[in-house]
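**Q** What follows is a single structure, and I will ask about it in a moment.
Values quoted throughout were computed directly from the atomic coordinates according to the rules given, and no laboratory measurement underlies them. Source: prediction; values computed, not measured. A quick note on method: Cβ atoms are made from the backbone with ideal geometry, for glycine too, and the neighbour counts reach across all protein chains shown.
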Amino acid sequence: MSEAIKPQSTNNPRAVKGELSEVKPQTNTWYSSWFDTPYYHILYKDRNYREAQIFMDNLTHYLNLPEKAKVLDLACGKGRHAIYLNQLGFDVIGADLSENSIAEANKNTNDTLHFVVHDKREPFDEKFDAIFNLFTSFGYFENIEDDIKTLLAIKESLSEYGFAVIDFMNSPVVIDNLIPEETKEVDGIIFNIKRFVIDGFIIKEIDFEADGKKFHFTENVRAYTLEDFQTMMNETGIYLLDTFGDYKLKKFHKSTSERLIMIFK
């Protein structure tokens, strides 16, 4: 494990992995169970779609993608970015591990828009002019080696002149502004949310009652910094071309930027 990405220690009294694992009802990984529930999409239903479209406009303009370029939306969810990219004239594949999300996304398929169930650690046989991994859809795995596999898979799936983009949170700013506890009501469901940092992961615990049952889910995302990504990219022979700090593609500032957007190949 590289020195730059060793897990950070914490004094959080809940920082006991055994205690966390005992309260998890999931039988598989947190992301395969949580993302495959309808409640995930209910909780995040108010995401800013217009902001996502502006980001895609800015990004595709910056990359100067050719007409009808082949684009992969990796970890596409229900396909909001993929659908809009297709509307811009690109030949798009959306890929996600969640079968339920892909089933929903497939309602929008056409001759130049397709969706597939896919593990992002595995490269595609075909090559893409651009690969987008958006909205902090990276850093979910327990082992850093799996994130490195993901980077390699992205690299191997790019065409000779292709570009890749990872849109990640700016971890130091997120941690500095972490809201420890929050209650949010959506569609009559009251979500009780707790956030904390353990061993280099930003943890979100989500508890709620719905359909006569009690649910508990977690989101665990490794708090990678730009330096961590640079270390992993150097190890995998990836060249980082540029970084941006928000969806308007303003310059990245470690202490203030909302996002960490990386362009690489």
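**Q** Per residue of the chain, what 222 nm ellipticity follows from adding -39500 (n - 2.57) for every DSSP H run with n ≥ 4, rounded to the nearest 500? Walk me through the numbers before you get to the answer.
**A** Details: 9 runs with 76 residues, N = 265.
When only DSSP H runs of four or more count, the value is -8000 deg cm²/dmol.
**Q** Evaluated at 4 °C with a viscosity of 1.567 mPa s, what Stokes-Einstein diffusion coefficient in µm²/s does region 22-118 have when Rh comes from the Kirkwood expression over alpha-carbon pairs?
**A** Rounded to a whole number, D works out at 90 µm²/s.
**Q** Where a Cα-Cα gap under 12 Å defines reach, which aspartates and glutamates qualify for Lys194, not counting those fewer than 8 residues away within the same chain?
**A** Of all the aspartates and glutamates, those that pass the test against Lys194 - Cα under 12 Å, at least 8 places apart if same chain - are Glu181, Glu182, Glu205, Asp207, Glu219.
**Q** Whose amide H sits under 5 Å from the amide H of Ala210, counting only residues 5 or more places off or on another chain, with H placed in the peptide plane?
**A** Amide H neighbours of Ala210: Phe215.
**Q** Right, another one. Please list, short to long, the whole-number percent of alpha-carbon pairs of the chain in consecutive 5 angstrom bins beginning at zero.
**A** All Cα pairs considered, the percentages come to 1, 5, 12, 16, 19, 18, 14, 8, 4, 1, 0.
**Q** Students often forget the sequence filter, so: which lysines lie under 16 Å Cα-Cα from Lys78 once same-chain residues fewer than 8 apart are removed?
**A** Cross-link targets: Lys45, Lys107, Lys120.
**Q** Straight-line reach only, C-alpha to C-alpha below 22 angstrom: list the lysines that Lys248 could link to, leaving out same-chain residues fewer than 8 apart.
**A** Lys265
**Q** Ok, one more. Distance in nm between label sites at Asp57 and Gln87, each 7 Å beyond Cα in the beta-carbon direction?
**A** 1.1
**Q** With only alpha-carbon pairs counted, each pair once and no self-pairs, how large is the Kirkwood hydrodynamic radius of region 84-175 in angstroms?
**A** Value: 14.4 Å, from the Cα pair sum.
**Q** Within the set Lys127/Lys184; Lys155/Lys213; Lys68/Lys149, which residue pairs have Cα atoms separated by over 31 Å?
**A** Listed pairs above 31 Å: Lys127/Lys184; Lys155/Lys213.
**Q** Check which residues have an amide H placed less than 5 Å from Leu260's amide H, if you skip close sequence neighbours.
**A** Phe168, Met169, Asn170
**Q** Set the Förster radius R0 to 22 Å, insert the Cβ-Cβ distance between Ile175 and Gln230 as r into 1/(1 + (r/R0)^6), and round the FRET efficiency to 0.05.
**A** Values: r = 19 Å, r/R0 = 0.86.
The calculated FRET efficiency here is 0.70.
**Q** Further question: When Met262, Met233 are ordered from fewest to most other Cβ atoms inside 10 Å of their Cβ, what list results?
**A** Details: Met262 23, Met233 18.
So the residues, fewest neighbours to most, are Met233, Met262.
**Q** Also, quick follow-up: Amide H neighbours of Phe163 under 5 Å, at least 5 residues apart or on other chains, H built in the peptide plane: list them.
**A** Here the answer is Ala130, Ile131, since their amide H atoms fall under 5 Å of that of Phe163.
**Q** May I pose another question? Take the Cβ-Cβ distance between Ile189 and Glu258 as r, set R0 to 30 Å, and report the resulting FRET efficiency rounded to the nearest 0.05.
**A** So the FRET efficiency works out to roughly 0.65.
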